[in-house]
Amino acid sequence: MKETLSRKVFVACNTIFMILLCIVTLYPIWYVVVASLSDPVSLMAHTGILYKPLGFSLEAYSRAMEHPLIMSGYANTLFILVVGVVISLVLTAVGAFFLTRSNVMLKRPISLMILFTMFFNGGMIPFYFAVKDVGLYNSTWSLIIPTAISTFNLMVMKAGFEALPASLEESAKIDGAGHLTVLFRIVIPLALPTVAVMILYYGVGYWNAWFYASIFLQDDAKWPLQLVARQILIVNDSGGVTAGVDSGAQLAISETIKYAVIVITSLPIIVLYPFLQKYFVKGVMIGAVKG
């Protein structure tokens with residue numbers, strides 16, 4: 001079928017718009033990367049758009065890795081990420097499986113009470129005292145247990161479980177399978193796209209967590225990586241890694257260190273996302289359209 005002139009104009013304009021949108025979206029990321037690889041003095045003297053590194057240098061990364069809290073922050077964040085995602089997935093899966101059972105008493109009131117918590121909560125001060133009174137203050141577990149289940153993620157996983165054929169569960173029960181067997185050996189393997197989305201959601205949440213850490217953790221040795229990055233980027237605490245540099249170049253080096261820290265803290269999630277991206281749309285949309 002021959003395309004009309006108006007169709008060609010539309011496609012051309014749409015293509016140009018999308019290219020410009022990609023440039024506007026990706027340029028800030030590109031700027032941070034090339035700035036972190038630039039010579040500190042040359043970067044401070046530069047004005048305008050930055051296309052490529054100015055005098056290639058890895059000094060910002062070497063000095064950033066010398067920060068006393070970077071490695072401990074990485075270790076803390078990895079612990080929070082792995083343990084937190086596992087706990088959150090198990091609890092969310094069990095909760096979603098419970099809410100999809102047809103013979104549960106008071107299922108609708110329970111679901112409404114759970115949904116209520118997504119829109120209303122007791123506030124920060126009661127939450128702080130609750131965490132403190134149960135003995136989690138200044139503990140890494142304060143970043144995992146109190147926020148282990150997200151109501152939104154629970155509803156997404158519930159919709160994914162409801163989209164599975166009920167005949168599979170009925171067949172399993174005929175063969176003598178219990179609830180846990182049905183959940184972990186039938187439902188979850190068939191709902192892997194939804195599980196992958198939950199891993200991404202919870203993983204990004206735990207990786208970027210810094211606010212509760214700033215409230216509950218007094219010992220900086222327990223700080224996650226994002227709180228360490230905040231200390232460097234906002235509080236401008238370089239941890240003494242610019243020591244031995246003359247005052248004229250110290251400001252320039254501290255600026256490139258900030259860009260390097262942004263790359264260091266963001267790279268793992270950026271690398272992980274492409275492996276989960278193919279499940280992303282499918283997992284979220286499962287159960288969203290019925291008919």
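Can you find even one residue in region 174-191 that is within 25 Å of Leu81 (Cα to Cα) and touching a Gly at 6+ places or on another chain (Cβ under 8 Å)?
yes
Just wondering, is there one or more residues in region 148-158 that are open to solvent by 60 Å² or more (accessible area, probe 1.4 Å) and among the charged types (D, E, K, R)?
Checked region 148-158: no residue is open to solvent by 60 Å² or more (accessible area, probe 1.4 Å) and among the charged types (D, E, K, R).
Name the residues in region 48-95 that are among the charged types (D, E, K, R) and closer than 24 Å to Pro28 by Cβ, would you?
Kept after step one, since they are among the charged types (D, E, K, R), are these residues of region 48-95: 52, 59, 63, 66.
Those that are among the charged types (D, E, K, R) and closer than 24 Å to Pro28 by Cβ: Lys52, Glu59, Arg63.
Listed residues Leu89, Leu43, Leu99; which is of a type outside the set (S, T, N, Q), farther than 30 Å from Ser111 by Cβ and surrounded by 13 or more Cβ atoms within 10 Å (Cβ to Cβ)?
Values: Leu89 fails: farther than 30 Å from Ser111 by Cβ; Leu99 fails: farther than 30 Å from Ser111 by Cβ.
The unique qualifying residue is Leu43.
Just checking, how many residues over region 144-164 are in a loop (DSSP other than H, G, I, E, B), under 12 Å from Ile114 (Cα atoms) and not β-branched (Val, Ile, Thr)?
1
Kindly evaluate Thr77 against the criterion of being of a type outside the set (D, E, K, R) and buried (at least 20 other Cβ atoms within 10 Å of the Cβ).
Yes: the conditions hold for Thr77.
Counting residues that are closer than 30 Å to Leu99 by Cα and modelled with pLDDT of 80 or more, which helices (runs of 4 or more DSSP H) fully inside region 165-255 reach at least 2?
Values: elements: 166-174, 179-182, 192-207, 211-216, 225-233.
So the answer is 166-174, 179-182, 192-207.
Can you name the number of the only condition in (1) under 30 Å from Met198 (Cβ atoms); (2) assigned to a loop (DSSP other than H, G, I, E, B); (3) of a type outside the set (S, T, N, Q) that Leu78 fails?
(2)
Scan region 112-131 for residues that are of a type in the set (A, V, I, L, M) and open to solvent by 100 Å² or more (accessible area, probe 1.4 Å) and report the count.
2
Can you go through Ser38, Ser72, Ser57, Ser62 and tell me which one is open to solvent by less than 80 Å² (accessible area, probe 1.4 Å) and either among the acidic types (Asp, Glu) or touching a Gly at 6+ places or on another chain (Cβ under 7 Å) (or both)?
Numbers: Ser72 fails: either among the acidic types (Asp, Glu) or touching a Gly at 6+ places or on another chain (Cβ under 7 Å) (or both); Ser57 fails: either among the acidic types (Asp, Glu) or touching a Gly at 6+ places or on another chain (Cβ under 7 Å) (or both); Ser62 fails: either among the acidic types (Asp, Glu) or touching a Gly at 6+ places or on another chain (Cβ under 7 Å) (or both).
Testing whether each residue is open to solvent by less than 80 Å² (accessible area, probe 1.4 Å) and either among the acidic types (Asp, Glu) or touching a Gly at 6+ places or on another chain (Cβ under 7 Å) (or both) leaves just Ser38.
The values are calculated or read from the model by the stated rules, or taken from the named source; none is laboratory data. From a predicted model like this one, the values you see are computed outputs, not experimental measurements. Positions of Cβ are generated from backbone atoms using ideal geometry, with glycine treated the same way; all protein chains shown enter the neighbour counts. Accessible surface is based on the protein model in full, side chains and every heavy atom, while ligands, DNA and RNA are left aside. Shrake-Rupley method; radii C 1.70, N 1.55, O 1.52, S 1.80 Å.
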